[in-house]
Amino acid sequence: MLLKGKTAIITGTRRGIGRAVVETFAANGADIYAHARSDSPEFTEEMRSAADKYGVEIWPVFFDMTDGASMKAFVKGLMSDKREIDVLVNNAGVTHNALFNMTTEVTLREQFEVNFFSVFLLIQYISKFMVKQKSGSIINIASTAGEDGNPGKSAYGASKAAVIAMTKSIAAELGELGVRANCIAPGVTETDMLATLPSVVLEETKNSLDLRRVGLPSEIADTALFLASDLSSYITGQTIRVDGGLK
Amino acid sequence: MLLLKGKTAVVTGCLRGIGRAALETFAKNGADVFACCQREDERFAEYVLELSGNCGVSITPVYFDLLDEDAVKEGAKFIQKSKKSIDILVNVAGANFDALFHMVTMEQMKRTFAVNLFSQILFAQYITRLMLKGGGSGSVINISSISALDGNPGQLSYASSKAALIAATKTMSSELAPKDIRVNALAPGVIKTAMTDTLPEDIRSRMISKSELKRIGLPGEVAGAILYLELTAALDRRGGFRTCC
């Protein structure tokens, strides 16, 4: 129970890494605002049963990350809830694989809108809560593509590199106010995004990993748990690769 | 919650500082520990007895000096004779001889590398063979330093030896990870230990003011990162990260 009594906001929780983070955080006693882009009865039901299973509160919240007005409305709702916000996990993101010269301006801008601008804005809003209470942990899900550069990932990788750079500046500004900010850079992880990779590429990549296997969303969630918990109280401004030894 | 119940760990540098904090964290989380120290110490033996009693785990002190290769081998063999399968190795023990680049002697360089690199590798060779023989998975954590990444005035031999340890970690990982032994390095920043207590006050306060959290780290906070590395499976090789900035 590393997060007993803490409240977390997690974006992009319908599936994949975000869903695993909800599960891991709930199992460790956190109350959670679980964000998804759009409302669905299944999602709400799944969140309710997870909350019952772990004896925590999970509030589903719905808004499009690129819709500033809805995001603002969510933040207003938070203010009236009057809870301390201890953890923010920015997980929601989009990817389009395309060779550099084939990348359209539309997908380039979309990836930056979702992966960078909306994350920037949400942190602006939520960090105010954290600064006021003089504690908090911000966790941004970046990508090894943001550090390494991979074929077909010029737009996605650039948007994640921007997230990493932003995180370092946030850490530098908010450290003395008691707020930590770190990135996780997942490598090849078993999610829907993985299905966008051609199978030949996937097989080749797997064999080049030190651990010779793709990562699980729950393994990314374990690192998010660490960064959210007091186990990491002296860690800020870092990017932790959870990549099975990706070369 | 006992996060390491049923696991056996080998930790070096347990007499004080980060090694002591790692020993405590492991014991409190249910792991049996071979607690390695440079020399026999009665108060340490008493402390270990009390800790193992309180936590209901077995803690075996092992004494060897990392400057003495034969003693390192003896220590490893002593652990081998216990016939316990080893899950975790944490190499914390290290030495620091501060000297400016133009002043550092070859003798200081060799001693630093003997302790911070050669003996770490020698000891890890023995212990990871035990892990492989046990057939199970294992994890090795080498404690490096942010001075290995950033450099630091007066720390030529220390920073170089710790940088070499990071390179060794990456190579060990690429060889051992396919056999299910994960190898990672941690790079602590300014942590309150005997090593930083000897730093001149102006240098220490300058280092702290450069840190974003504007405070010195505690050994227990590094132990928290060590515990985390034990709990996560996909993190590997370049998972080495800093505990301060």
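The values are calculated or read from the model by the stated rules, or taken from the named source; none is laboratory data. Since we're looking at a predicted model, the values are computed, not measured. Ideal geometry is used to build each Cβ from the backbone, glycine not excepted, and the neighbour counts take in all protein chains shown. With ligands, DNA and RNA removed, areas are computed over all heavy atoms of the protein, side chains included. Shrake-Rupley method; radii C 1.70, N 1.55, O 1.52, S 1.80 Å.
Miscellaneous remarks
- Residue check: residue A:58 meets all listed conditions (1) in contact (Cβ under 8 Å) with a residue 40 or more places away in the chain; (2) more than 16 Å from the chain's Cα centre (by Cα); (3) buried (at least 17 other Cβ atoms within 10 Å of the Cβ) but one, namely (1).
- Residues satisfying the criterion are absent from the range A:185-200 (criterion: within 10 Å of chain B (Cβ to nearest Cβ), surrounded by 19 or more Cβ atoms within 10 Å (Cβ to Cβ), in contact with a Phe, Trp or Tyr (Cβ under 6 Å, 6 or more places away or on another chain) and of a type outside the set (A, V, I, L, M, F, W, C)).
- In the range A:173-184, of all residues being assigned to a helix (DSSP H, G or I) and open to solvent by less than 50 Å² (accessible area, probe 1.4 Å), the one that is farthest from residue A:229 (Cα to Cα) corresponds to A:174.
- If the condition is being in a strand (DSSP E or B) and open to solvent by less than 20 Å² (accessible area, probe 1.4 Å), then the range A:130-172 contributes A:136, A:137, A:138, A:139, A:140, A:141.
- Conditions (1) in contact with a helix residue (DSSP H, G or I) (Cβ under 9 Å, 6 or more places away or on another chain); (2) over 26 Å from residue B:159 (Cβ atoms): number failed by residue B:83: (1)
- Selected residue (only one of B:127, B:166 is open to solvent by 10 Å² or more (accessible area, probe 1.4 Å), modelled with pLDDT of 95 or more and not in a strand (DSSP E or B)): B:166
- Among the residues of the range A:210-228, those that are open to solvent by less than 30 Å² (accessible area, probe 1.4 Å) and at the interface with another protein chain (Cβ under 8 Å from one of its Cβ atoms) comprise A:210, A:211, A:215, A:219, A:220, A:223, A:226.
- The condition (being within 30 Å of residue B:209 (Cα to Cα), in contact with a Ser or Thr (Cβ under 6 Å, 6 or more places away or on another chain) and among the basic types (Lys, Arg)) is satisfied by just one residue among A:168, A:128, A:160: A:160.
- Scanning the range B:105-112 finds one or more residues that are open to solvent by 60 Å² or more (accessible area, probe 1.4 Å), hydrophobic (A, V, I, L, M, F, W, C) and over 30 Å from residue A:244 (Cα atoms).
- Test: residue in the range A:39-55 that is open to solvent by less than 70 Å² (accessible area, probe 1.4 Å) and of a type in the set (D, E, K, R): no
- Subset of the range A:29-38 (residues that are buried (at least 20 other Cβ atoms within 10 Å of the Cβ) and part of a loop (DSSP other than H, G, I, E, B)): A:30
- Tally, over the range B:130-163, of residues that are assigned to a helix (DSSP H, G or I), over 17 Å from the mean Cα position of the chain (by Cα) and within 21 Å of residue B:66 (Cβ to Cβ): 4
- Matching residues, the range B:208-222, being over 22 Å from the mean Cα position of the chain (by Cα) and either more than 13 Å from every other protein chain (Cβ to nearest Cβ) or not in a helix (DSSP H, G or I) (or both): B:211, B:212, B:213, B:214, B:215
- When residue B:170 is tested against (1) in contact (Cβ under 8 Å) with a residue 40 or more places away in the chain; (2) among the basic types (Lys, Arg); (3) more than 9 Å from chain A (Cβ to nearest Cβ), exactly one condition is not met: (3).
- Breaking point among (1) among the charged types (D, E, K, R); (2) surrounded by fewer than 17 Cβ atoms within 10 Å (Cβ to Cβ); (3) at pLDDT 95 or above, for residue B:32: (2)
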